[in-house]
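Enquirer: I have a structure I would like to understand better, so I am pasting it below and will then ask my questions one at a time.
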Amino acid sequence: MPIQFYDQQVSSRFLIGTALYPSPSIMLDAIKASGSDIVTVSLRRESGKEQAGQNFWSYIKDTGARILPNTAGCKTVKEAVTTAHMAREIFETPWVKLEVIGEDDSLQPDVFGLIEAAKILTEEGFEVFPYTTEDLVVAEKLLAAGCEVLMPWGAPIGSGRGLNNVYGLRSLRAHFPKVPLIVDAGIGLPSHAAAAMELGYDAVLLNTAVAKAGDPVLMAKAFAMAIESGHLSYVADPIEKRDMAAPSTPVAGLPFWNQEHA
Amino acid sequence: MNLTLNGEAIITKTSTLAELLDEQGYGDAKVATAVNGTLAPASFRGATELTDGDAIEVVAPMQGG
């Protein structure tokens, strides 16, 4: 079942980052194992002498994946907007994962700056993927600013804590049934990603949990299976929880049955 | 002319952004540029005159999450 972000259809619900891998070849193998159609990348200062970014780019373009450039580390609207402009030119895509970071310990989004930057960028034709919190009012304002995808955090970036506010994420899903929602950040285990998908999220974006695993390639595969599994579970409509047991084996015709069983 | 290039002070005799990139060894590198916090599009680098005190950013693709 393909998923659509803006006017682009992709088949994988796993968006993967390109940072923190032990080596470029492990990164490429992990991206391949993930089955991801979309990879996130960033922009950093390039030295005329070393040109480290040129090497990286030669690896990434060979993956054939769609590029989602981020504005990671930007702390002001102006920085984020200019970074988006530079990303659009260099990657030739209207897509941008918009981050405006508000606080260093939690790397949590400055949602006020985020909404302002999203408005500027969508008016300029960008297709914005905002990294936000699970706050409903912020989500409303991002949609009003022209965003057609929302990316609430699971937990602080790189923390591996999973879904810190399941209630909030569930509310967001229920409130915006038609908007593509991606849990971005804080995922540590495949079970966290499966849980996000079981809540009805459309996709999961993660990086550290794969890149810093002992075996990133195997972990990429584990996440791919969990994300697919969680999605299928959501579509398949799981049973409700109940407090007491309900026998799965039919009771009728039980041998040795007598009145004492009743 | 005194400039700031990626946060470091430099002295250059070049007068346009295109010349500066050439002088600094970028060659045909895939980079994007900003002057004083605003995008300087690649197609305008030759016409982008530099002024003493300008802050130039030159960025390239990099790993990101």
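Here, each number is a calculation from the coordinates, and none is a lab measurement. Treat the numbers as computed from the prediction; the structure is a model and nothing was measured. All Cβ positions, glycine included, derive from the backbone under ideal geometry; neighbour counts span all protein chains shown.
Enquirer: Per residue of B:28-37, how many C-beta atoms from partner chains lie within 10 Å of its own C-beta, taken as a mean? Walk me through the numbers on the way to the answer.
Expert: Details: counts 1, 7, 10, 10, 11, 4, 5, 0, 1, 5.
That average works out to 5.
Enquirer: Here's a follow-up. Taking the Cα atoms of the protein assembly as shown, what is the range of coordinates along each of the three principal axes, in descending order and whole Å?
Expert: 103, 41, 36
Enquirer: Can you work out the Karplus-derived ³J(HN,Hα) for every residue in region A:225-242? Use 6.51 cos²θ - 1.76 cosθ + 1.60 with θ = phi - 60°, whole Hz, and x for glycine or proline.
Expert: In residue order, the calculated couplings are 5, 5, 5, 4, 5, x, 5, 4, 4, 4, 5, 6, 6, x, 6, 7, 5, 9 Hz.
Enquirer: Here's something else I'd like to know. Which whole-angstrom value gives the distance between the alpha carbon centres of region B:1-25 and region A:136-211?
Expert: 43 Å
Enquirer: If you don't mind, another one. Return the long-range amide H neighbours of A:THR132 (sequence gap of 5 or more, or a different chain), with a cut-off of under 5 Å between placed amide H atoms.
Expert: For A:THR132, whose amide H was placed from the backbone, the distant partners under 5 Å are A:MET151, A:TRP153.
Enquirer: Now, a different point. Along the three principal axes, how long is region A:73-113 when you take its alpha carbons, biggest first, rounded to the nearest angstrom?
Expert: 32, 15, 14
Enquirer: Something else about it: Based only on other Cβ atoms within 10 Å, what is the fewest-to-most ordering of A:LEU107, A:LEU163?
Expert: A:LEU107, A:LEU163
Enquirer: Please compute the alpha carbon radius of gyration of region A:33-148, then divide it by the globular-protein estimate 2.2 N^0.38 Å. Two decimals is fine.
Expert: After normalising by residue count via 2.2 N^0.38 Å, the value is 1.10.
Enquirer: State to the nearest 20 debye the size of the charge dipole of region A:12-79 about its Cα centre, where the only charges are +1 on K and R beta carbons and -1 on D and E beta carbons.
Expert: 220 debye
Enquirer: Separate question: Kindly provide the Kirkwood hydrodynamic radius of chain B in Å, to one decimal, from all pairs of distinct alpha carbon atoms.
Expert: Numbers: mean 1/r = 0.0834 Å⁻¹.
Evaluated on chain B, it is 12.0 Å.
Enquirer: Further, regarding this structure: Arrange A:LEU98, A:LEU28, B:LEU20 by Cβ neighbour counts within 10 Å, fewest through most, would you?
Expert: Numbers: A:LEU98 30, A:LEU28 17, B:LEU20 25.
Sorted ascending by nearby Cβ count, the order is A:LEU28, B:LEU20, A:LEU98.
Enquirer: Another one. Hey, what number do you get for chain A at 222 nm if only DSSP H runs of n ≥ 4 count, each worth -39500 (n - 2.57), divided across all residues, to the nearest 500?
Expert: -12000 deg cm²/dmol
Enquirer: Continuing with the same structure: Given bins 5 angstrom wide, list per bin the percent of all Cα-Cα distances in region A:1-100, short to long.
Expert: Going out from 0 Å in 5 Å bins, region A:1-100 shows 2, 12, 21, 23, 21, 14, 5, 1, 0, 0 percent.
Enquirer: Quick one: if you stick a label point 7 Å off each Cα along the C-beta vector at B:THR12 and A:GLU124, how many nm between them?
Expert: Spacing of the two 7 Å Cα→Cβ label points: 2.2 nm.
Enquirer: Mind jotting down the three principal axis lengths of region A:151-214 based on Cα atoms? Whole angstrom, largest first.
Expert: 37, 17, 17
Enquirer: Still on this model: Two decimals is fine: what's Rg over Rh for region A:67-223, C-alpha atoms, Kirkwood radius as Rh?
Expert: We get a ratio of 0.96 for region A:67-223.
Enquirer: OK, next. Per residue Cα convex hull volume for region A:190-262, in cubic angstrom?
Expert: Details: hull volume 11.8 nm³, N = 73.
Spelled out: Cα convex hull of region A:190-262, divided by residues, is 162 Å³.
Enquirer: Using the 10 angstrom Cβ neighbour count as an exposure proxy, how do A:LEU206, A:LEU68, A:LEU189 rank, fewest first? Can you show the working numbers first?
Expert: Numbers: A:LEU206 32, A:LEU68 23, A:LEU189 17.
The order, fewest Cβ neighbours first, is A:LEU189, A:LEU68, A:LEU206.
Enquirer: Right, another one. Charges at C-beta only: +1 for Lys and Arg, -1 for Asp and Glu. How large is the resulting dipole of the protein assembly as shown about its Cα centre, in Debye rounded to 20?
Expert: 660 debye
Enquirer: With +1 on each Lys and Arg Cβ and -1 on each Asp and Glu Cβ, and nothing else charged, work out how big the dipole of region A:1-146 is about its Cα centre, in Debye to the nearest 20.
Expert: For this selection, approximately 400 debye.
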